[in-house]
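The values are calculated or read from the model by the stated rules, or taken from the named source; none is laboratory data. Note that this is a predicted model, so its numbers are computed, not measured. FYI the Cβ positions are ideal-geometry reconstructions off the backbone, even for glycines, and counts take in every protein chain you see.
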4 protein chains.
Amino acid sequence: MMTVRVGVIGCGYWGPNLVRNFARTEGTSLSKICDSRFERAAKVAAQYGVRSVTEDAKAVIDSPDVDLVVIATPSLTHYELAREALAAGKHVLVMKPLATSVAHAEELVALAERKGVLLAVDHTFVYTGAVRKIKELVDAGQVGSIYYIDSVRINLGLFQSDVNVVWDLAPHDISIIDYLLDGREPESVSTIGARHVDSPTENIAYLSLRYGDQLLAHVHVNWLAPAKVRRMIVGGSKKMIIYDDVEPSEKILVYDKGVKISKNGDPGENPYQLLVEYRTGDMHAPRLDTREALALEAEQVVQCIRKGGRPVADGQAGLRVVRVLEAAEQSLARGEPVLLGQGGQGKGAIP
Amino acid sequence: MMTVRVGVIGCGYWGPNLVRNFARTEGTSLSKICDSRFERAAKVAAQYGVRSVTEDAKAVIDSPDVDLVVIATPSLTHYELAREALAAGKHVLVMKPLATSVAHAEELVALAERKGVLLAVDHTFVYTGAVRKIKELVDAGQVGSIYYIDSVRINLGLFQSDVNVVWDLAPHDISIIDYLLDGREPESVSTIGARHVDSPTENIAYLSLRYGDQLLAHVHVNWLAPAKVRRMIVGGSKKMIIYDDVEPSEKILVYDKGVKISKNGDPGENPYQLLVEYRTGDMHAPRLDTREALALEAEQVVQCIRKGGRPVADGQAGLRVVRVLEAAEQSLARGEPVLLGQGGQGKGAIP
Amino acid sequence: MMTVRVGVIGCGYWGPNLVRNFARTEGTSLSKICDSRFERAAKVAAQYGVRSVTEDAKAVIDSPDVDLVVIATPSLTHYELAREALAAGKHVLVMKPLATSVAHAEELVALAERKGVLLAVDHTFVYTGAVRKIKELVDAGQVGSIYYIDSVRINLGLFQSDVNVVWDLAPHDISIIDYLLDGREPESVSTIGARHVDSPTENIAYLSLRYGDQLLAHVHVNWLAPAKVRRMIVGGSKKMIIYDDVEPSEKILVYDKGVKISKNGDPGENPYQLLVEYRTGDMHAPRLDTREALALEAEQVVQCIRKGGRPVADGQAGLRVVRVLEAAEQSLARGEPVLLGQGGQGKGAIP
Amino acid sequence: MMTVRVGVIGCGYWGPNLVRNFARTEGTSLSKICDSRFERAAKVAAQYGVRSVTEDAKAVIDSPDVDLVVIATPSLTHYELAREALAAGKHVLVMKPLATSVAHAEELVALAERKGVLLAVDHTFVYTGAVRKIKELVDAGQVGSIYYIDSVRINLGLFQSDVNVVWDLAPHDISIIDYLLDGREPESVSTIGARHVDSPTENIAYLSLRYGDQLLAHVHVNWLAPAKVRRMIVGGSKKMIIYDDVEPSEKILVYDKGVKISKNGDPGENPYQLLVEYRTGDMHAPRLDTREALALEAEQVVQCIRKGGRPVADGQAGLRVVRVLEAAEQSLARGEPVLLGQGGQGKGAIP
């Protein structure tokens, strides 16, 4: 089978992690490393024995020695670089978010389809052992119907100037939610946020996603919190799950807890109390696969290129996440909920 | 000085706690205990040596032996009982919420004023050592400007049928926020919620309160969560506080953490990174007064009756909390943010 | 069936809890309440409608209206009161420790046998849902062979002057260990301790119990620690358990973790590394019975009196715990391990 | 000033960390990397641009291009390698423990002195921000007299075959205790331990160190525990400190808690209760220096070589730690406490 030759653009915070993982992925060879600061690229390249180093992204995109272009640059540049790479017939893996507008994301998805190449998005969390375990429990019917997903991702974080906290942090939460809900898209998004300490963009935000049928997702992202919290609650009809990513070992706690309300009963002496049965059973922390998420991601992307198939986080997933982000941004600006389109995948959703 | 003779209506979950605390408050005597189920009242009365027991609330309200009527009945009955007691010239302490509509709450406040009697609301949390300590730090300027308050109050809770989770749990959070912000009222409230497991009312809700000047408060209340969380974050310009009420001892953690953003700097090599200075200093858990909140509350109410003055949680505070709750309810129904009035205290706020 | 008429001696810290629980135990009636301070006894008696109050323990012991004497007085008085009660033909439940010397404990056990009455010891913890669950797991073979038990019971505690921290706190740990090990007695006990802040007795101590076959138990008790820790680890060949009694809900965590060492393997490249297989499976927090331990204890004691049988914490268990405590005390004094006798129950163990 | 040329022997688990830190220490150059497996050394050397790689430790020790020999090999080889390096006139930094017997450790200390070269031991923890902060508080008198130090270092750990858990893990605890107590040596050590799962050496052990004056230190080390615990309590007359090394940020909690016992008081009503005053003040988590411990250690070692002076963890410290370890080992074998010598530093203590 062919070897997938990988070129990586961007050696800032995240790029070197991608390089490290592709370096050890079977069936790949690293052929080019690029960063606008040459020394940075050179240092990373040296560590993994890559000979070709450049500060010109174009050189990667146009290189005949590159099959897969990995884009690990700031968000605002994703669209242009990905578009050029796809146009040049390359497979592309781009860091989250896929793009900074739905229009751009849709264009990338369409272009990849036209060119018959792979477009993948680095939604790292969907490759973690923790999230895959939750998905496995959901798919096996053990969680029952999902009632709500509540996600908190806060800490004293790296203030960004190109994007606000929604575009910076929420892609993680939204991509996980999208994955757990099998790509189901919310009907509306409402966001509230604020800017403090002279930040040019929002540093705190709350996103509420409505899906119909009382299904609700809520995301709290915050760059200005005193403690690091990474906690998601998945409330289901059969089980409730707490996913605490800060925990070193037991990241997933599955609670056999629930409620059953009987309406027809005779409330009897206390008319203000429902007839509610509370179920409190065991709690369970399943063992998690501890392999690095990026390693699995790199493997899957390479597999799809070599053998066909679509990665979990393909362009469509990237687009769906961007739809929510753009709606969240609009809601922030308008101060009211924003409806998404009829929820069709790839249909161009924002009204 | 006169002895304040106390009559208590309602011996369900909370009433006995009020009885217990008034029983040991100096300058009071318990004169009447009432519950619609006589035996319940009788049992409580026996424990504290109260001779007069009744199942008729009217008998308490009209009794010449009662100066202060304490109302610990379901929310929907607060207004009527309080109105009658005030009309009868009694001082009144009513459990939260003061009433279930702004109109009712305003009427009670006005009536108390007209009658020259005290109207107090049992906002228990503002009397806790933890909340008083936060308030003390805020008042002393140690927290700086408050940027945001984030409150989470979730657990597998007692589903109520007369009120939804907003009216049941959020009064705690809103009364604390009201206290910390010195009665400042939000400009708008938006709420999102959902009903699950055949609950007739919302069992999960998120409230966002906007105050202008980028000040934001957010409350997550939930009867259907796998773990008990009672955590409030107060983000200030000088300090950030985490108040974890589930912690047995160190409930208040004060973090000397913050951020300073310099706009004019030359961002240099990375144009996407702001020039941000992060401050990470000591963390501090001040010793808290461990006296029972209800004991302090009972003392303060009795003091105000005997010597004049207003308790921290007076009718105005109760009204402000009801304004937010009513707006939250409306937002829930309309699916959009609801503006409050010009924020004047007691001015009748909902448009 | 006969009603067991209960007389309680001692209304200090713990006595009222025993009264409260016997008051609601089927088949019992509280007939006499005693405390050296009459008002204290009177107050407790009033709460439970007991008519007969006394400050004279003798009056309880000799009363024809008392079948079961419950002794909740300071440790040093247990022996004398229990002896008199047993001699008077009463059943006896005595707070831990059964007595403050092995000789005394043996005498009580023998006396009870001679008189054909029940002698029970209030080893409260063995009646908790948490400890019973651990025992259930051990008995079902799920834990495998027990390798070690490590118990930490520390906090800023109530300094006692009549007994040191070993006699005050360690009976809890030792009685749990005794229960989990089915009454197996250690071969030797070594204790190290110290006295601080002018305490007349040890306020910190470490007990090591050797059982042969590499089975080890260790107890850290401490009145002078900054935080409250109540944590026991049970290390078994199949499972390892952490029992954290400070946790409000998930007190028992069962870890499917372990190690297998293969000796014959070829250590190969690293001769200093064993061929060790580590097993890290799921973690599990079983639902616990949340009934109050004292309620179960009172029920069991009453059942045994009415129908025969022995309670979990009978005189023999009390004696075995005292044997360890006396040996621990001797080790503390001598500065070396103290051997226990041949481990026969009731054989008079200290050499 | 001269550049310190560093040769590193051993590229297993820990060696590469030492290489990485010396690589960035000012005033040093890495001149030789050695490992018995050549490729392992070669890989590390490549990463830091070191040209000279060898599998022969002798080649490092005898090299005229090496001033400082860093020894990161298994414990049993420390003595021989360090002795040869010192004999060759090199400065030496050796991983803990300095040697596996007091006789060997003493010989190394004496040899270093005779040769006029530096002998340092990699007691990493004494260079951490956390331990340095505790030491600072102790030295400033804020902790008062130290009453006891309790250290727990347990997890499902790497079973070793050359040394037992005492020699593997306890050097960390003992070196910290030695540092906090300014090199004061215990009068006696008693150890209890056990071997499980066919381990050829003890995998669990409890060490008790007596210092006279009721000062006590206790260490629990364990390779077979279900959870990772790294917690030290320092109980002082003025403050009590909990150092939790597993905590990501607030590792040091300083409690203003304590007890004062008045003996002459009239115990009054309860003769069994001392007149004890409990002090419960604020808790405080000081900001810690987050620089990597090994970086500081490398810097200090290099400074001492260049400018004179002794590092915190010099040969004497290493010797004192070995004395405790050897006594602990003897106590384990004999089943009784082992007295150390008169406590003189370097005097050859084991009787």
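When you scan the stretch B:51-133 for helices (runs of 4 or more DSSP H) that lie fully inside it, which ones turn up with 3 or more residues that are of a type in the set (D, E) and surrounded by fewer than 23 Cβ atoms within 10 Å (Cβ to Cβ)? Before you say what the answer is, go through the steps one by one.
Working: elements: B:57-62, B:78-87, B:102-115.
By residue number, B:102-115.
Restricted to the stretch D:1-48, and to residues that are without any contact (Cβ under 8 Å) to a residue 40 or more places away in the chain, in contact with a strand residue (DSSP E or B) (Cβ under 8 Å, 6 or more places away or on another chain) and part of a loop (DSSP other than H, G, I, E, B), which residue is nearest to D:R306 (Cα to Cα)?
Among those residues, the one meeting the criterion is D:T3.
Looking at D:R153, is it more than 30 Å from C:R279 (Cα to Cα) and either touching a helix residue (DSSP H, G or I) at 6+ places or on another chain (Cβ under 9 Å) or not assigned by TED's automatic domain parsing to the domain that holds D:A87 (or both)? Can you show your working first?
Details: more than 30 Å from C:R279 (Cα to Cα): no; either touching a helix residue (DSSP H, G or I) at 6+ places or on another chain (Cβ under 9 Å) or not assigned by TED's automatic domain parsing to the domain that holds D:A87 (or both): yes.
Spelling it out, it is not the case that D:R153 is more than 30 Å from C:R279 (Cα to Cα) and either touching a helix residue (DSSP H, G or I) at 6+ places or on another chain (Cβ under 9 Å) or not assigned by TED's automatic domain parsing to the domain that holds D:A87 (or both).
Table: residues versus (1) under 12 Å from the mean Cα position of the chain (by Cα); (2) at pLDDT below 95; (3) away from every other protein chain (no Cβ under 14 Å).
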residue	(1), (2), (3)
D:A285	no, no, no
D:A295	no, no, yes
D:Q303	no, no, yes
D:P311	no, no, yes
D:G318	yes, no, yes
D:V324	yes, no, yes
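Could you list all residues from the stretch A:137-148 that are away from every other protein chain (no Cβ under 12 Å) and assigned to a loop (DSSP other than H, G, I, E, B)? So that I can check it myself, show each step before the final result.
Of all residues in the stretch A:137-148, those away from every other protein chain (no Cβ under 12 Å) come to A:137-142.
Passing the criteria: A:A140, A:G141, A:Q142.
How many of the residues in the stretch C:197-208 are within 7 Å of another protein chain (Cβ to nearest Cβ) and either surrounded by 23 or more Cβ atoms within 10 Å (Cβ to Cβ) or in a strand (DSSP E or B) (or both)?
Of the residues in the stretch C:197-208, the ones within 7 Å of another protein chain (Cβ to nearest Cβ) are C:197-199, C:204, C:206, C:208.
Narrowing the set further to residues that are either surrounded by 23 or more Cβ atoms within 10 Å (Cβ to Cβ) or in a strand (DSSP E or B) (or both) leaves C:199, C:204, C:206, C:208.
Residues in the stretch C:197-208 being within 7 Å of another protein chain (Cβ to nearest Cβ) and either surrounded by 23 or more Cβ atoms within 10 Å (Cβ to Cβ) or in a strand (DSSP E or B) (or both): 4 in total.
Take the residues in the stretch A:292-338 that are surrounded by fewer than 24 Cβ atoms within 10 Å (Cβ to Cβ) and β-branched (V, I, T), then tell me which one is farthest from A:L207 (Cα to Cα).
A:I305
Per-residue answers, yes or no, for (1) within 12 Å of another protein chain (Cβ to nearest Cβ); (2) among the hydrophobic types (A, V, I, L, M, F, W, C); (3) under 27 Å from A:D289 (Cβ atoms):
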position: A:R132; (1), (2), (3): no, no, yes
position: A:D150; (1), (2), (3): yes, no, yes
position: A:N155; (1), (2), (3): yes, no, yes
position: A:Q160; (1), (2), (3): yes, no, no
position: A:V166; (1), (2), (3): no, yes, no
position: A:I176; (1), (2), (3): no, yes, yes
position: A:L180; (1), (2), (3): no, yes, yes
position: A:R184; (1), (2), (3): no, no, yes
position: A:S190; (1), (2), (3): yes, no, no
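Pairs needed: first member in the stretch B:61-85, more than 14 Å from chain A (Cβ to nearest Cβ) and among the β-branched types (V, I, T); second member anywhere, buried (at least 20 other Cβ atoms within 10 Å of the Cβ) and assigned to a loop (DSSP other than H, G, I, E, B); C-beta distance under 9 Å; at least 6 residues apart or different chains.
Correct list of pairs: B:I61/B:K90; B:V66/B:K90; B:V69/B:K90; B:V70/B:G10; B:I71/B:G10.
Going through the stretch A:174-200 one residue at a time, which ones are β-branched (V, I, T) and under 21 Å from the mean Cα position of the chain (by Cα)?
If the condition is that a residue be β-branched (V, I, T) and under 21 Å from the mean Cα position of the chain (by Cα), then A:I174, A:I176, A:I177, A:V189, A:T191, A:I192 are the ones that fit.
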